[in-house]
Amino acid sequence: MDCLSFDDFSLFLTALGYCAEKHRMQRRKDARRTPYLNHPIEVAELLWRVGGVRDARVVIAALLHDVIEDTGARPEEISRLFGEEVLSLVLEVSDDKSLPKAARKKLQIAHAPGLSRGAKLIKIADKICNVRDITISPPPDWPLERRLEYLDWAEKVVSGIGEDSDLDKLFREILTKGREHLERTPDST
Ligand code: NDP
Ligand code: ZN
């Protein structure tokens, strides 16, 4: 049986608490305003269950993947609490928020092929969650066209990653189902 060591599990729980604290004021953009924390937990869970990832640093970095980008968590703090390798993974999957959004989106596509393996897996799991959210629990003010554009862009990022894994297969399935669903959805905005 695959299992984490006592130390790894302790660090995982510390990361879960840290992530909850950092995202405590935030909600997802769906109509129910789901607590933001659900999202990093889903990303970490996918890595563990579907990706078969047993490297604790990668699972912990998945939990922390949005804390620098979205909460202003300090890199030094992440390095001190969770180590340099976790910090490096989190930085790899973080956008530079000082850039305009269009540039950030282009850079995600450009950087995807050069990511480390752990960062690639986190990126695919993140895109699985976001494509699923765009499909079934989208921001209520997004027109259909914007939802479809998001799916097209996510496909470009994941294609650039070029990873042949169970996560990649799941991404393709979710993307296909998402497009089928959106084709049947009237644009209500
Ligand atoms: P945003 O970056 O504004 O929003 C998507 C991000 O929000 C996700 O990547 C995810 O990031 C986070 N998120 C939080 N809650 C949800 C949720 N319920 N469902 C999905 N994502 C959620 O979107 P984009 O700028 O990427 O816009 C998508 C497309 O629309 C682009 O291709 C852009 O060109 C186009 N666009 C259209 C506009 C219009 O008015 N028509 C305006 C702007 C863009 P995380 O994982 O980090 O939480
Ligand atoms: Zn995310």
| Label-point separation in nm, Glu145 to Asp8, each point 7 Å along Cα→Cβ | 4.8
| task | Quick one: dipole size for the chain, taken about the Cα centre, charges +1 on Lys/Arg Cβ and -1 on Asp/Glu Cβ, in debye to the nearest 20. | result | 520
| query | Looking at this model, which pairs from Lys97/Lys156; Lys101/Lys123; Lys22/Lys156; Lys22/Lys177 are more than 23 angstrom apart at the alpha-carbon? | reply | Lys22/Lys156; Lys22/Lys177
| How far apart, in nm, are the 7 Å Cα→Cβ label points at Leu99 and Asp55? | 2.3
| query | Exactly which trypsin sites (Lys or Arg not before Pro) in the stretch 92-153 are in a DSSP loop and have at most 14 other Cβ atoms within 10 Å? | reply | Lys97
| On average, how much accessible surface per residue is there in the chain, in Å², for a 1.4 Å probe, leaving out ligands, DNA and RNA? | 54
| request: Using only C-alpha atoms and all pairs of different ones, pull out the Kirkwood radius for the chain in Å with one decimal. | output: 17.1
| field | Under 5 Å, built H, 5+ apart or other chain: amide partners of Arg27 | value | Tyr36
| said: Show me the trypsin sites (Lys or Arg not before Pro) within the stretch 1-87 that DSSP assigns to loop and that have at most 14 other Cβ atoms within 10 Å of their Cβ. | reply: Arg24, Arg32, Arg33, Arg54
| How large is the charge dipole for the stretch 47-140, taken about the Cα centre, if only the Cβ atoms of Lys, Arg (+1) and Asp, Glu (-1) carry charge, to the nearest 20 debye? | 400
| Computed magnitude of the charge dipole of the stretch 1-76 (debye, nearest 20; Cβ of K, R +1, Cβ of D, E -1) | 420
| request: Determine the calculated [θ] at 222 nm for the chain from helices alone, applying -39500 (n - 2.57) to every DSSP H run no shorter than 4 residues and normalising by the residue count; nearest 500 deg cm²/dmol. | output: -21000 deg cm²/dmol
| request: Calculate one ³J(HN,Hα) per residue across the stretch 173-180 by plugging θ = phi - 60° into the Karplus curve 6.51 cos²θ - 1.76 cosθ + 1.60, and present them in order as whole Hz with x for glycine and proline. | output: 4, 5, 5, 4, 4, x, 5, 4
| request: Between Leu89, Leu107, Leu16, find the one with the highest GNM mean-square fluctuation for the chain; connect C-alpha pairs within less than 10 Å. | output: Leu107
| remark: Whole-percent carbon and sulfur contribution to the accessible surface of the chain (1.4 Å, no ligands, DNA or RNA) stands at 53
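The values are calculated or read from the model by the stated rules, or taken from the named source; none is laboratory data. Small disclaimer: the values here were computed from a predicted structure and weren't measured. Methodologically, a virtual Cβ is constructed for each residue, glycine included, from the backbone with ideal geometry; neighbour enumeration extends over all protein chains shown. Heavy atoms of the whole protein, side chains included, go into the accessibility calculation; ligands, DNA and RNA do not. Shrake-Rupley method; radii C 1.70, N 1.55, O 1.52, S 1.80 Å.
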